[in-house]
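Report on the structure given below.
Since every read-out is calculated from the coordinates, none of them should be taken as a lab result. Since the structure is predicted, the reported quantities are computational estimates derived from the model, not experimental observations. Glycine gets a Cβ as well: all are built from the backbone with ideal geometry, and neighbour counts include every protein chain shown.
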């Protein structure tokens, strides 16, 4: 099943100033992909939720992300690893949007636990693999393998954006395709 912009809800998990610098793959690429997802969600009227894990210790949302989020975007502070274990946040994930699209950190902790809890309750869950990271590449890879085995859909940033668009005739196609091309030019080997 393809992602549909009218059915999707983008959940940005724990993209915080004190946690982000420790992530692999390289933070600049990760940040660029998350920014593309946020811009695409804004352009296509896809609602978003933002979480912050223990912000007193891990800091605020990255300023590069906070600056491009729509106002107001529902933001939830939590101490639970799974977003579903926080009652208010969990309630905000229920509604008329039945495709929950996750991106953030860390892949093997908060992203994994949220994805598996959502899947267990019967939700349609996608994880944007190149817009997630862990401190260790092994943890990141293991988490993606586990989620895939449990039926969570694994999608790249580029695939998600083009699935949301569906057609090169879409009025926002050129703008978002330009974002994707810009990312490709900055990556190693390009």
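Laid out as a table, the results:
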quantity: Sorted by Cβ density within 10 Å, fewest first, the residues 23, 147; calculated: 23, 147
quantity: Inter-probe distance in nm under a simple model that places probes 7 Å from Cα toward Cβ, at residue 168 and residue 24; calculated: 3.9 nm
quantity: Relative contact order, percent, the range 43-172 [alpha-carbon distance under 8 Å, six or more residues apart]; calculated: 20 percent
quantity: Listed peptides 163-176, 80-93 by packing density, highest first (mean Cβ within 10 Å); calculated: 80-93, 163-176
quantity: Pairwise FRET efficiency - residue 56 versus residue 156, Cβ, R0 = 41 Å, nearest 0.05; calculated: 0.75
quantity: Cα-only radius of gyration and Dmax that characterise the chain, units Å; calculated: 15.3, 46
quantity: Sorted by Cβ neighbour density within 10 Å, fewest at the top, the residues 76, 162; calculated: 76, 162
quantity: Sorted by Cβ neighbour density within 10 Å, fewest at the top, the residues 34, 68; calculated: 68, 34
quantity: For the chain, calculated [θ]222 nm from helices alone, where every DSSP H run of n ≥ 4 adds -39500 (n - 2.57); calculated: -11500 deg cm²/dmol
